[in-house]
Amino acid sequence: MKKVLLIDAHLTYPNWTEGTLNNSFLQKAKDFFSSENYEILVTKIESGYNPDEEVAKHLLADIVILQMPVNWFGAPWIYKKYVDEVFNSGLHSQKFLSGDGRTREDVSKQYGSGGKMQGKKFMICATWNAPKEAFNNPNQQLLRGKDTSDLFLNISSNYRFCGYDIAEGYNCFDIFKSANIESDLENYPAHLKNVIEN
């Protein structure tokens, strides 16, 4: 049976951000993968985790999906702590990778080619205050033509470094002013279907 690991990186700020929207996307993913007969593994970072157990979950999962709100143009700080602890465990045990891929004997081997997680996929599903129009537009003063994958390079590179394929992310924009949240939730399963089939 195929397996998916859903990582919930939401960080609660009482009376401001309680995680309702991220939970809704997480539930949509659970429902979708259940209908596709996947075993579903879930980590809610805020509730605590064991780094070695997270390494084991990554080894089991065919697909890893990070569900996160965008806080100041990145993941909440608890996710960086999670990555440092889990990926260091995967490095020291040599379960995720064996070195950075380079050797003194073969200078043609590239940095970032030492991963052992080939054949697995990683994807980000993110909720944003920023509107969709802020991205992919060189006339926008803040991001100047950058897209969401540019902003998330620091996240996806960890997975690519370990051998994962990076699937196209899914984004819910303008969450405080937009009327598109319902349709974004509705369209999410179709995106996930495309991820598992391609």
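A compact table of results
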| item | result |
| --- | --- |
| At R0 = 25 Å, FRET efficiency that the Cβ-Cβ distance of M1 and E168 yields, to 0.05 | 0.50 |
| Rounded FRET efficiency, nearest 0.05, which uses the C-beta distance separating E186 from Q118 and R0 of 35 Å | 0.55 |
| Dimensionless Rg over Rh [the chain; C-alpha; Kirkwood] | 0.98 |
| Within straight-line cross-link reach of K121, aspartates and glutamates at Cα separation under 14 Å, skipping those fewer than 8 residues along the same chain | D62, D165, E168, E197 |
| Crossing angle, helix 181-197 versus the chain [Cα axis fit, 0-90 degrees, rounded to tens] | 30 degrees |
| Contour excess over end-to-end distance, with Cα ends at E36 and L59 and 0.36 nm allotted per residue | 6.3 nm |
| About the Cα centre, charge dipole magnitude for the chain (Lys/Arg +1, Asp/Glu -1 at Cβ), debye | 420 debye |
| Gain on full stretching of the segment that runs from D147 to N194 - 0.36 nm per residue minus C-alpha separation | 14.9 nm |
| Descending semi-axes in whole angstrom, ellipsoid equivalent of the stretch 4-45, from the Cα gyration tensor | 23, 11, 4 |
| Nitroxide proxy distance, nm - points 7 Å out along Cα→Cβ at R160 and N23 | 3.5 nm |
| Rg(Cα) / (2.2 N^0.38 Å) computed for the stretch 1-81, rounded to two decimals | 1.11 |
| 10 Å Cβ shell holding at most 10 others, DSSP loop, chymotrypsin sites (Phe, Trp or Tyr not before Pro): longest site-free stretch of the chain | 112-175 |
| Dipole-positive endmost among G119, F25, Y170 within the chain (Cβ charges, Cα centre) | G119 |
| Given charges at Cβ of Lys, Arg, Asp, Glu: the stretch 3-197 dipole, positive-most of L5, L66, V86 | V86 |
| On Cα atoms only, tilt of 51-60 relative to the major axis of the chain in degrees | 90 degrees |
| For the stretch 95-192, projected area of the alpha-carbon convex hull averaged over all directions, nm² | 8.6 nm² |
| Sequence-separation-based contact order of the chain, relative, with Cα cut under 8 Å and 6+ spacing, percent | 21 percent |
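Read-outs throughout are calculated quantities, based only on the coordinates presented, and are distinct from any laboratory measurement. Model, not experiment: these values are computed from the prediction. Cβ coordinates were reconstructed from backbone atoms using ideal geometry, including for glycine residues, and neighbour counts include every protein chain displayed.
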